[in-house]
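A short write-up of the structure that comes next.
Throughout, read-outs are computed from the coordinates displayed, never taken from laboratory work. Values in this document were obtained by computation on a predicted structure and should not be read as measured data. With ideal geometry, Cβ positions are generated from the backbone for all residues, glycine too; neighbour counts draw on all protein chains shown.
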Amino acid sequence: MGVDYDQIAPNYDRHRHGGGPYLDSLVEAATGVGARRVLELGAGTGANTAAFLDAYPCWLIGLEHSRGMLEQAKGKQISAKWLHASGTNIPLLNASVDFIFACYVIHHIHDLAGLMRECARVIENGAAAFVTCPHDFIERHPANQYFPSFARIDKSRFQPLSEIADAMRAAGFQDIREKAVTAAPVHIDHAYVERVASQFISTYALLPQDEFQSGLAKMREDVEAKGRLDIDMVWECAIVWGTFTSRQA
Ligand SMILES: C[S@@+](CC[C@H](N)C(=O)[O-])C[C@H]1O[C@@H](n2cnc3c(N)ncnc32)[C@H](O)[C@@H]1O
């Protein structure tokens, strides 16, 4: 069972915003190759497109597979070009961009080797960076104590970082680096429980719904008892990035 992005598109921005602890690393990777032409894969509703453009003004194409998500992005005043396509079949010429990034997208793409070959094809002496969810964070996530299937579900869909790095290496990327970054701690309070109730991350929608309802009820009860849980939520993500040098003709 997957996530129906066309269906969730109209409400996607209610609980998820652009920018995050990964933004500085994306800017660092783009700056490192002096990128002027940027491609974002799986741009979604454009939230990270806007955040990236604010931090790193450039010529940017946002590519997105879901029409619903793309319509949301297009409805915003973002100075990007938009493409309805898949990251595994990018309708751009060879060697036509300097930097590619994708935030929380590649876990939807099973053919990582094909994706990385396609990225290498369209990059001209540049770099690519992929933001994802590391397995050790999934294992430590506070949700595990309420939702027993949480880690199993997320570990089965987010590829290990080594798999992403290997696929990049096989496609010819070099100087591949992995970095974990964290956001400031957030209290798990009433507001946070409401975000869980709205299934603000897709994992909650993928849980067996009886498990979701009973875990949510227990979390609510614990938060009501003290106003917040004893532990805070510390959002962690990982960036895997590398450079690509185009072959000379
Ligand atoms: C979790 S959302 C992230 C959206 C956006 N990157 C963000 O951070 O807000 C994943 C996005 O990837 C898109 N997606 C999934 N498979 C894709 C593919 N093969 N090519 C392009 N986009 C894809 C989905 O439609 C969805 O918009």
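Of note:
- So Gly62, is it within 15 Å of the ligand (Cβ to nearest atom), of a type outside the set (A, V, I, L, M), within 22 Å of Thr132 (Cα to Cα) and in a loop (DSSP other than H, G, I, E, B): no
- Verdict on Glu163 being surrounded by fewer than 16 Cβ atoms within 10 Å (Cβ to Cβ), of a type in the set (D, E, K, R), farther than 21 Å from Leu26 by Cβ and more than 14 Å from the ligand (Cβ to nearest atom): no
- Segment 116-134, subset within 12 Å of the ligand (Cβ to nearest atom), touching a residue at least 60 places away in the same chain (Cβ under 8 Å) and not in a strand (DSSP E or B), residue farthest from the chain's Cα centre (by Cα): Cys119
- Cβ-Cβ contacts under 7 Å between residues 6 or more apart (or on different chains), taken from a first residue in segment 7-33 that is of a type in the set (Val, Ile, Thr) to a second residue that is more than 11 Å from the ligand (Cβ to nearest atom), are listed as Val27/Ala55; Val27/Tyr56; Val33/Asp98; Val33/Phe99; Val33/Gly126; Val33/Ala127; Val33/Thr243.
- Output for segment 55-68, where each listed residue is under 18 Å from Arg37 (Cβ atoms) and in contact (Cβ under 8 Å) with a residue 24 or more places away in the chain: Ala55, Tyr56, Cys58, Ile61, Leu63
- Residue in segment 91-109 that is nearest to the ligand (Cβ to nearest atom), counting only those that are over 18 Å from the mean Cα position of the chain (by Cα) and not charged (D, E, K, R): Pro91
- Selection status of Leu161, over 30 Å from Val33 (Cα atoms), in contact (Cβ under 8 Å) with a residue 12 or more places away in the chain and not small (Gly, Ala, Ser): no
- Within segment 176-198, tally of residues that are within 26 Å of Ser214 (Cβ to Cβ) and among the acidic types (Asp, Glu): 2
- Screening Leu206 with (1) under 19 Å from Val3 (Cβ atoms); (2) surrounded by 14 or more Cβ atoms within 10 Å (Cβ to Cβ); (3) more than 16 Å from the ligand (Cβ to nearest atom) gives one miss only, at (3).
- Only residues that are within 20 Å of Pro134 (Cα to Cα) and under 14 Å from the mean Cα position of the chain (by Cα) were counted across segment 18-49, and they come to 11.
- Extreme residue, surrounded by the fewest Cβ atoms within 10 Å (Cβ to Cβ), among residues of segment 209-248 that are within 16 Å of the ligand (Cβ to nearest atom) and part of a strand (DSSP E or B): Glu236
- Matching residues in segment 1-51 - criterion: being part of a helix (DSSP H, G or I), within 13 Å of the ligand (Cβ to nearest atom), more than 27 Å from Ala191 (Cβ to Cβ) and touching a strand residue (DSSP E or B) at 6+ places or on another chain (Cβ under 9 Å): Leu26
- Boolean, Cys133 is farther than 30 Å from Ala217 by Cβ and not aliphatic (A, V, I, L, M): no
- Residues (away from the ligand (no atom under 13 Å from the Cβ) and assigned to a loop (DSSP other than H, G, I, E, B)) located in segment 69-90: Gly75, Gln77, Ser79
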